[in-house]
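Just so you know, all these numbers are worked out from the coordinates, no wet-lab data involved. These figures come from a predicted structure and were not determined experimentally. Neighbour counts are summed over all protein chains in view; Cβ atoms, including those assigned to glycine, are modelled from backbone coordinates with ideal geometry.
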Amino acid sequence: MSKNVVIITASLRSKSNSDALAAAFAEGASGAGHAVETISLKEKALAFCRGCFACQEIGHCVMDDDANAIMEKVAAADVVVFVTPVYYYGMAGQMKVLLDRMNALFTKDYAFRDIYLLTTCADESEEELHHVTSGIEGWVACFEHARLSGVLHAPANTAPGDIAKQPAQLAAARALGAAL
Ligand SMILES: Cc1cc2nc3c(=O)[nH]c(=O)nc-3n(C[C@H](O)[C@H](O)[C@H](O)COP(=O)(O)O)c2cc1C
């Protein structure tokens, strides 16, 4: 059955390694017949959450920037894929800001069930990458109908475009998307 897949990419730089990982996942998923939309946080306006909790009453954030539109797409998706560079062994700050700003999801009958995490980082070892995974696990744990269905780390990518030299990583992302 065709699924509605929303991929959110957090990197703000051009020739981003994580964007390339997202594109490979999207290629695999659309090749398998799924409807895929990729939302890049580049040029999106996302203010910090102020913690006012008004969203729990009115179902959306009171701040008028790009967060509400992204949240509506996430709420309607069957599959959500978070794609982020690793910053200090966590997700990039802009991804965390988005998660916070989607706090109104608690009040919604969200459709998403399967969550995926794709990351790129400079380090060659995956030893410390459980930290970035656990950041997303914390978010997933707040949504009882959702589960973290797949994680793909793509280490040893430092400069923009480095991942082009790692076709196995891109193939793994494509395969993950194709297996939805
Ligand atoms: C602020 C900052 C913090 C970073 N922290 C880490 C880190 O903790 N571990 C790591 O392996 N790489 C770290 N990196 C490197 C990036 O994860 C790496 O360059 C990655 O390929 C960037 O992905 P992108 O091209 O999609 O932006 C950091 C980069 C920046 C800018």
Can you pull out the chymotrypsin sites (Phe, Trp or Tyr not before Pro) in the range 27-119 whose DSSP state is coil and whose Cβ has at most 12 other Cβ atoms within 10 Å? F48, F53, Y88
Expressed as an acute angle from 0 to 90° and rounded to the nearest 10, what is the orientation of the C-alpha long axis of helix 167-178 relative to the principal long axis of the chain? 40 degrees
How many nm is it between the label spots at N4 and H130, if each spot is 7 Å from the Cα in line with the beta carbon? 3.7 nm
Could you compute how fast the range 66-175 diffuses translationally, taking Rh as the Kirkwood radius over C-alpha pairs and applying Stokes-Einstein at 25 °C with viscosity 0.890 mPa s? Give it in µm² per second. 167 µm²/s
What's the angle, to the nearest 10 degrees (0 to 90), between helix 17-31's Cα axis and the longest principal axis of the chain? 80 degrees
Measuring from the longest principal axis of the C-alpha atoms of the chain, the long axis of helix 67-76 (C-alpha) lies at a number of degrees, nearest 10, equal to 80 degrees
Likely footprinting exposure, H145, H130, fewest C-beta neighbours within 10 Å first: H145, H130
Name the residue, out of Q169, Q56, Q94, whose mean-square fluctuation peaks in a Gaussian network model built on the chain with Cα pairs under 10 Å. Q56
Rounded to the nearest 20 debye, what is the charge dipole size of the chain about its Cα centre when +1 sits on each Lys and Arg Cβ and -1 on each Asp and Glu Cβ? 260 debye
Which residue, V62, V97, V151, tops the fluctuation ranking in a GNM of the chain built on C-alpha contacts under 10 Å? V62
Which one of E72, E43, E126 has the biggest mean-square fluctuation once the chain is modelled by GNM with Cα springs under 10 Å? E43
From Cα coordinates alone, what are the radius of gyration and Dmax values for the range 40-130 in angstrom? 14.4, 45
I want the antiparallel fraction of DSSP beta bridges within the chain, as a percent rounded to 5. 5 percent
